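To start, the structure under review is shown below, and the notes come after it.
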Amino acid sequence: MIEQYESKISALQIQIEVLRNTNNYLQLENTELKKKIVMQRRKVAFILHF
């Protein structure tokens, strides 16, 4: 019985770690996309300025 719970806890800990890693990756990707948007806005503003 205890082994079953330990096994489930272990599986949940692995799932949590996977979710943390996925979240970190998505946050980095989001940051990169925000940088690209800023650069595109600057290009458009520059083009529209002239």
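In the range 12-34, which residues have a backbone nitrogen under 17 Å from the label point lying 7 Å from VAL44's Cα in the Cα-to-Cβ direction?
33-34
Which whole-Hz couplings ³J(HN,Hα) result when phi for each residue of the range 19-24 is put into the Karplus expression 6.51 cos²θ - 1.76 cosθ + 1.60, θ = phi - 60°, listed in order with x for Gly and Pro?
After applying 6.51 cos²θ - 1.76 cosθ + 1.60, I find 5, 4, 5, 4, 4, 4 Hz.
Treating the beta-carbon of each Lys and Arg as +1 and of each Asp and Glu as -1, no other charges, what is the dipole magnitude of the chain about its Cα centre, to the nearest 20 debye? Intermediate results must be reported in sequence, preceding the final value.
Values: 8 positive and 5 negative charges, 142 e Å.
In total the dipole reaches around 680 debye.
Can you compute 3J(HN,Hα) from phi for each residue in the range 33-50, using the Karplus curve 6.51 cos²θ - 1.76 cosθ + 1.60 with θ = phi - 60°, rounded to whole Hz and x for Gly and Pro?
These are the phi-based 3J(HN,Hα) values: 5, 4, 4, 5, 4, 4, 5, 5, 4, 5, 4, 5, 4, 5, 5, 5, 5, 9 Hz.
Principal axis extents for the chain, Cα atoms only, whole Å, descending order, please.
Largest to smallest, the principal-axis extents are 74, 8, 5 Å.
Per residue of the range 5-13, in order, report the coupling 6.51 cos²θ - 1.76 cosθ + 1.60 (Karplus, θ = phi - 60°) as ³J(HN,Hα) in whole Hz, putting x for Gly and Pro.
Listing the rounded values in order: 5, 4, 5, 5, 4, 4, 4, 5, 5 Hz.
Coordinate-derived values only; no laboratory data. Please read all numbers here as calculations on a predicted model, not as lab measurements. Positions of Cβ are generated from backbone atoms using ideal geometry, with glycine treated the same way; all protein chains shown enter the neighbour counts.
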